[in-house]
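Contents: one structure, followed by commentary.
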Amino acid sequence: NLTGIDLRAEIDRLRKERNAVILAHYYQAPEIQDLADFVGDSLDLSRKAAATDAEVIAFCGVRFMAEVAKILSPEKTVILPDMDAGCSLEDSCPPEEFARFRAAHPDHLALTYINCSAAVKAHSDIIVTSSSAATILSQIPLDQKIIFAPDRHLGGYFARTTGREMLLWEGSCIVHEAFSETELLKLKAQHPGAPVAAHPECPVHILDHADYVGSTRGILDYVLNSDAETFIVATEPHIIHQMEKAAPHKTFIGAPGADGNCNCNMCPYMALNTLEKLYIALRDLEPQIHVDEETRVKAKRSLDRMLEMTG
Ligand code: 13P
Ligand code: SF4
């Protein structure tokens with residue numbers, strides 16, 4: 001029973017006592033973002049996890065992100081407030097099926113989105129994130145054949161924008177697939193001139209209406225640097241918290257789902273992490289992320305390639 005406990009104060013005390021760093025993704029609840037030591041997109045969070053000298057990494061995001069922290073910093077204790085915080089993209093790509101797909105295309109390079117399990121990373125050549133994919137693709141010879149997993153929308157977006165043919169795995173993100181083109185067009189009509197900023201996990205019928213496409217950090221930078229006053233944001237709406245903090249005079253509207261509001265576009269996995277669970281994880285150092293050493297070493301190779309190729 002946690003009633004009567006000042007969670008923020010206790011989290012602060014434990015963070016110091018344990019020499020812990022709290023890393024959070026932009027899709028986390030505002031109260032988690034506000035007490036984190038660092039909030040970022042998948043690439044920035046990976047870099048932070050690799051560079052930190054803290055002994056404990058409390059990862060407020062989904063499991064694959066915490067796994068990346070453990071793969072890059074195996075000597076650290078990595079905790080995740082809720083071990084059930086998965087990802088529909090990870091679920092859409094079972095490692096054995098991916099290994100068979102890979103084996104069926106031996107002359108292809110396996111470029112894999114970071115939203116996947118450690119086992120899938122271990123079967124991959126290079127990991128990419130939304131913010132690193134374009135830079136990485138530009139360094140791969142044009143005659144090199146590529147398979148891309150697990151997000152067909154993100155893969156399709158980079159295939160279209162770079163002109164590269166890629167064999168796509170059929171996975172998708174349930175959150176970004178839930179935006180409605182009809183409702184988005186209605187919203188645009190209500191806010192003429194408001195730029196649409198979208199994440200490349202959105203299907204093409206949403207991206208077609210976007211003025212900017214990029215990672216969560218890319219979207220944040222775009223809205224903060226633009227002269228516009230009102231924006232339509234087509235990604236998980238918790239990122240709007242950072243936008244409103246940094247630019248309180250601007251208006252940010254979450255892109256709608258079929259019901260006309262953005263509540264159906266909350267990530268149910270990210271939402272599993274709460275302040276209560278973060279406190280318990282720091283107190284008990286559980287649940288902890290473990291990755292078997294053989295998988296870790298192989299997965300690290302494909303992650304290191306991404307970090308090297310993005311400087
Ligand atoms: P980025 O933060 O890298 O844009 O990733 C978005 C996402 O869906 C994380 O699950
Ligand atoms: Fe996975 Fe989509 Fe949630 Fe990101 S928003 S963690 S891709 S389900």
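Based on the alpha-carbon set only, what is the convex hull volume of the stretch 191-230 divided per residue, in Å³?
On the way: hull volume 2.4 nm³, N = 40.
Each residue corresponds to 60 Å³ of Cα convex hull volume.
With θ set to phi - 60°, apply the Karplus curve 6.51 cos²θ - 1.76 cosθ + 1.60 along the stretch 57-68 and write out the HN-Hα couplings as whole Hz, x wherever there is a Gly or Pro.
Whole-Hz 3J(HN,Hα) from phi for the stretch 57-68: 10, 9, 9, 9, x, 9, 4, 4, 5, 5, 4, 4.
Aspartates and glutamates near LYS145 by alpha-carbon distance under 13 Å, same-chain residues fewer than 8 away left out - which ones?
Cα-Cα hits under 13 Å: ASP107, ASP125, GLU165.
Please compute the contact order of the stretch 182-311 in relative form: average sequence separation of alpha-carbon pairs under 8 Å and at least six residues apart, divided by the residue count, as a percent. Walk me through the numbers on the way to the answer.
Working: 133 pairs, mean separation 23.6, N = 130.
Averaging sequence separation for qualifying contacts and normalising by length gives 18 percent for the stretch 182-311.
For the stretch 176-265, evaluate the Debye formula with one uniform point scatterer on each Cα (no solvent term) and list log10 I(q)/I(0) at q = 0.11 Å⁻¹, rounded to two decimals.
Each listed q maps to, in turn, -0.24.
What residues have an amide H closer than 5 Å to that of PHE38, excluding those fewer than 5 places away on the same chain, when H is modeled at 1.01 Å from N in the peptide plane?
ILE22, ALA24
Beyond 19 Å, what share of the Cα-Cα pairs of the stretch 82-184 remains, rounded to the nearest whole percent?
When all Cα pairs of the stretch 82-184 are counted, 42 percent exceed 19 Å.
Provide the descending list of Cα extents for the stretch 228-301 along its principal axes, expressed in whole angstroms.
Principal extents (Cα only, largest first): 49, 32, 28 Å.
Given a Förster radius of 45 Å and the C-beta distance between SER226 and GLN139 as r, what FRET efficiency does 1/(1 + (r/R0)^6) yield to the nearest 0.05? Walk me through the intermediate numbers first.
Numbers: r = 29 Å, r/R0 = 0.65.
Here the calculated transfer efficiency is 0.95.
Using the alpha carbons of the stretch 152-311, what is the convex hull volume per residue in cubic angstrom, as a whole number? Walk me through the numbers before you get to the answer.
On the way: hull volume 27.3 nm³, N = 160.
Dividing the Cα hull volume of the stretch 152-311 by its residues yields 171 Å³.
Please go through the residue pairs LYS16/LYS76; LYS48/LYS188; LYS277/LYS298; LYS16/LYS48 and name each one whose alpha carbons sit more than 25 Å apart in this structure.
Pairs exceeding 25 Å: LYS48/LYS188; LYS277/LYS298.
I'd like the distance separating the alpha-carbon centroids of the stretch 128-180 and the stretch 13-74, in whole Å.
26
Quick one: which residues, 5 or more positions from VAL213 or on another chain, have an amide H under 5 Å from its amide H? H modelled 1.01 Å from N in the peptide plane, none for Pro or chain starts.
Under 5 Å from the amide H of VAL213: ALA198.
So for the chain, what percent of the C-alpha to C-alpha distances run longer than 34 Å?
On the way: 10429 of 48205 pairs.
Beyond 34 Å sits 22 percent of the P(r) for the chain.
Whose amide H sits under 5 Å from the amide H of ILE253, counting only residues 5 or more places off or on another chain, with H placed in the peptide plane?
Amide H neighbours of ILE253, under 5 Å, 5+ apart: PHE231, ILE232, VAL233.
Based on the inverse mean of 1/r over its pairs of different Cα atoms, what is the Kirkwood hydrodynamic radius of the stretch 8-73, in Å? Show your work: numbers first, answer last.
Numbers: mean 1/r = 0.0850 Å⁻¹.
Result for the stretch 8-73, one decimal place: 11.8 Å.
Read-outs throughout are calculated quantities, based only on the coordinates presented, and are distinct from any laboratory measurement. As the structure is a computational prediction, the values presented were derived from the model and not from experiment. Positions of Cβ are generated from backbone atoms using ideal geometry, with glycine treated the same way; all protein chains shown enter the neighbour counts.
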